[in-house]
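Participant: If you scroll down you'll find the structure; I have some questions about it.
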Amino acid sequence: MQAKCKMIFGIVEKLAPAGLAMEWDNCGLQVGDPEAEVTGVLLALDADLDVCREAAEKNCQLIITHHPLFFKQLKQINLQSPQGELVAALIKNGIALYSAHTNLDSAGGGVNDCLAGLLGLERTSPLKAAGPEGLLKFVVFVPSGHEDRVREAVCRAGAGWIGNYSDCTFQTLGTGTFRPREGTNPFIGKQGDLEKVEEIRLETIVPERLAPVVVEAALEAHPYEEVAYDLYPLKIKNTSAGLGRIGELKHPVTLGQMAAEVKKILGLTHVRAGGDAGGTIARVALCGGSGADLWPLARAAGADVLITGDVGYHPARDMVQSGFSFIDAGHYGTERVVLPALKEFLEENCRLRELEVRVHITGINGDPYVLY
């Protein structure tokens, strides 16, 4: 099936809902036509002329970045400026630009979960939780033998997540009754006859925002002409999204050992750290990008160290003087970890939707810092 840009946007927002973005942020379409067809996607943290040229060379009609091109209100597009030159190049080459920023930071499976996974943190939770999201119980009745197809469809659509566990459902066997009336085309039975059918009650959990998508997926996968299903509001809330993460190391280490491990795992030439180099690190807080302002939350949550980027002089002094440790692994180094995960997510969801789309990660080093 031929994909359109807006279809790819929808897949990204399944992972990183736009509602998770901070109020000051500017996620979403930056430049281009959402109805344009796309056969290739290029992923990068930032967009510039080099990334635009790379997208054109790889025949990509869409660039997805982490950082938005436009942060503030746009007052002019000066083609002599770097930003204006980039906009002109994107339009000239028929390339759309889309960004997933703080929504991808906060989302389950986003920047911070990827960073926590690479660093081996266990029992993780958001450092600063987003507002709790309403959850629904989705129940659908499926003729025996067809339950796996429906289960797979609703879970692909975003149902069935409990913490870091996916595909969480429950099934019970029972008997369904129905009488097809005039004008029906029953999958099982005959018009006018009362049917008793062995059916599976399939139930799972779904965020409110995804309920329409999950119901649509169930109806499409279900063999019946008319599908019986229920949606029940739940008192529990989903709090798995939010800024940063905090979790436990499997084995405690010293700050010096942790800094060396971060450097190795993230493939960095250097990191900066502050605190007692021999101090024990067991509980770790982290925030990809610029998260130094979260250190009071990290300390209050019992963390021994905060791993982030862009730690300024004064926050560094404040942390050290308060007896708290930090590791500055850089903005670029702590965020680029999401690109392979986003590539895998897009490829899998395009495959499931039978969309013929190639996904690439930029080969350009976007870190603006050079060490001498």
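Where a number appears in this text, it was derived from the coordinates with a stated rule and is not lab data. Note that the structure is predicted; figures quoted are calculated from it, not measured. Please note: Cβ atoms are built from the backbone with ideal geometry, for glycine as well, and neighbour counts cover all protein chains shown.
Participant: Compute the distance in nm between two label points, each set 7 Å from the Cα along the Cα-to-Cβ direction, one at Lys250 and one at Ala282.
Facilitator: Label at Lys250, label at Ala282, 1.8 nm between them.
Participant: Next up: Work from the charge dipole of the chain (Cβ charges, +1 for Lys and Arg, -1 for Asp and Glu, about the Cα centre) and give the residue of Ile95, Val213, Leu119 farthest towards its positive end.
Facilitator: Value: Leu119.
Participant: Leaving out same-chain residues fewer than 8 places away, which lysines sit with a Cα under 18 Å from that of Lys264?
Facilitator: Lys250
Participant: Then there's this: Could you give the distance between the Cα centres of the range 52-117 and the range 297-372, to the whole Å?
Facilitator: First find each Cα centre; the distance between them is then 17 Å.
Participant: Sticking with this one: For Ile91 and Tyr165, FRET efficiency with R0 = 41 Å and r from the beta-carbon atoms, rounded to 0.05?
Facilitator: Rounded to the nearest 0.05, the efficiency is 0.40.
Participant: Scan the range 272-368 for GluC sites (Glu not before Pro) in coil per DSSP, keeping those whose Cβ has at most 13 other Cβ atoms within 10 Å, and list them by number.
Facilitator: Of the GluC sites (Glu not before Pro), the ones in loops of the range 272-368 whose Cβ has at most 13 other Cβ atoms within 10 Å are Glu354, Glu356.
Participant: Using packing as a proxy for protection, rank 278-290, 358-370, 195-207 so that the peptide with the highest average count of other Cβ atoms within 10 Å comes first.
Facilitator: Working: 278-290: 21.0, 358-370: 14.0, 195-207: 18.4.
Per-residue mean Cβ counts within 10 Å order the peptides as 278-290, 195-207, 358-370.
Participant: Please name whichever of Val338, Leu194, Val370 sits farthest to the positive end of the charge dipole of the chain, dipole taken about the Cα centre and charges placed at Cβ: Lys and Arg +1, Asp and Glu -1.
Facilitator: Val370
Participant: Hey, what's the Cα Rg ratio for the range 236-372 versus the globular rule of thumb, 2.2 N^0.38 Å?
Facilitator: Ratio of Rg to 2.2 N^0.38 Å for the range 236-372: 1.21.
Participant: To continue, here is another question. Please work out the FRET efficiency for the pair Gln257 and Lys235, using the Cβ-Cβ distance as r and a Förster radius of 51 Å; give the result to the nearest 0.05.
Facilitator: 0.70
Participant: So, one more: Report the net charge of residues surrounding Gly291, where surrounding means a beta-carbon distance below 11 angstrom and charges are Lys +1, Arg +1, Asp -1, Glu -1.
Facilitator: Neighbourhood net charge equals -3.
Participant: Work the Kirkwood hydrodynamic radius out for the range 10-57: mean of 1/r over every pair of different alpha-carbon atoms, inverted, in Å.
Facilitator: 12.9
Participant: Among Thr280, Leu268, His146, whose Cα lies farthest out toward the positive end of the dipole of the chain, if unit charges sit on the beta carbon of Lys, Arg (+1) and Asp, Glu (-1)?
Facilitator: Thr280
Participant: Taking 0.36 nm per intervening residue step and subtracting the Cα-Cα distance, what contour gain separates Lys6 from Ser290 on full extension?
Facilitator: Working it through step by step, the gained length comes to 99.3 nm.
Participant: For the range 1-61, state which GluC sites (Glu not before Pro) are in a DSSP loop and have at most 12 other beta carbons lying within 10 Å of their beta carbon.
Facilitator: Glu23, Glu35
Participant: Using packing as a proxy for protection, rank 261-269, 307-315, 97-105, 45-53 so that the peptide with the highest average count of other Cβ atoms within 10 Å comes first.
Facilitator: Top of the packing list down: 97-105, 45-53, 307-315, 261-269.
Participant: Right, here's the next one. Find how much the distance from Asn185 to Asp318 grows on full extension, using 0.36 nm per residue of separation minus their present alpha carbon separation; answer in nm with one decimal.
Facilitator: Separation in residues times 0.36 nm, less the Cα-Cα distance, equals 40.7 nm.
Participant: For the range 243-286, just say rounded, prolate or oblate: build the C-alpha gyration tensor, square-root its eigenvalues into a ≥ b ≥ c, call rounded for a/c under 1.5, and beyond that prolate if a/b exceeds b/c, oblate if not.
Facilitator: Here the range 243-286 falls in the oblate category.
Participant: Along Cα→Cβ, 7 Å out, is where each label goes; now give me the distance between the ones at Ser81 and Asp148 in nm to one decimal.
Facilitator: 5.7
Participant: Follow-up question, since we're still on this one. Setting aside same-chain residues fewer than 8 positions from Lys72, which lysines have a Cα under 27 Å from its Cα?
Facilitator: Lys6, Lys14, Lys92, Lys128
Participant: OK, next. Expressed as a whole percent, how much of the Cα-Cα distance distribution for the range 124-180 exceeds 19 Å? Write down the numbers at each step before the final one.
Facilitator: On the way: 721 of 1596 pairs.
Taking all Cα-Cα pairs of the range 124-180, the fraction more than 19 Å apart is 45 percent.
Participant: Which value, in debye to the nearest 20, describes the size of the charge dipole of the range 276-351 about its Cα centre when Lys and Arg Cβ atoms bear +1, Asp and Glu Cβ atoms bear -1, and nothing else is charged? Working shown, then result.
Facilitator: Details: 6 positive and 10 negative charges, 15 e Å.
Using Cβ point charges on Lys, Arg, Asp and Glu, the range 276-351 gives about 60 debye.
Participant: Taking 1 over the mean of 1/r across every pair of different Cα atoms in the range 188-301, what Kirkwood radius in Å do you get? Intermediate results must be reported in sequence, preceding the final value.
Facilitator: Values: mean 1/r = 0.0504 Å⁻¹.
Result for the range 188-301, one decimal place: 19.8 Å.
Participant: When DSSP beta bridges are limited to those with both residues in the chain, what percentage is antiparallel, rounded to the nearest 5?
Facilitator: Looking only at bridges with both residues in the chain, the antiparallel portion is about 70 percent.
Participant: How big is the dipole moment of the chain about its Cα centre under a simple scheme where the beta carbon of each Lys and Arg is +1, that of each Asp and Glu is -1, and everything else is neutral? Debye, nearest 20, please.
Facilitator: On the way: 35 positive and 47 negative charges, 119 e Å.
Dipole magnitude for the chain comes out near 580 debye.
Participant: Right, another one. Taking each full run of DSSP H in the chain as one helix, which ones are at least 20 Å long along their axis (Cα atoms) and have mean Kyte-Doolittle hydropathy of at least 0.0?
Facilitator: The answer, listed by residue number, is 338-352.
Participant: Pull up the DSSP beta bridges for the range 17-154 and report the antiparallel fraction as a percent, rounded to 5.
Facilitator: Of those bridges, close to 25 percent are antiparallel.
Participant: Using only the alpha carbons of the chain, determine the length spanned along each of the three principal axes and report them from longest to shortest in whole angstroms.
Facilitator: 83, 52, 33
Participant: Thr172 to Ser125: FRET efficiency via 1/(1 + (r/R0)^6), r the Cβ-Cβ distance, R0 22 Å, to the nearest 0.05?
Facilitator: For Thr172 and Ser125, the calculated efficiency is 0.10.
Participant: What is the ratio of the Cα radius of gyration of the range 16-141 to 2.2 N^0.38 Å, with N the residue count, to two decimals? Walk me through the numbers before you get to the answer.
Facilitator: Details: Rg = 17.5 Å, N = 126, 2.2 N^0.38 = 13.8 Å.
Taking the Cα Rg and dividing by 2.2 N^0.38 Å, one obtains 1.27.
Participant: Rounded to the nearest 20 debye, what is the charge dipole size of the range 98-224 about its Cα centre when +1 sits on each Lys and Arg Cβ and -1 on each Asp and Glu Cβ?
Facilitator: 160
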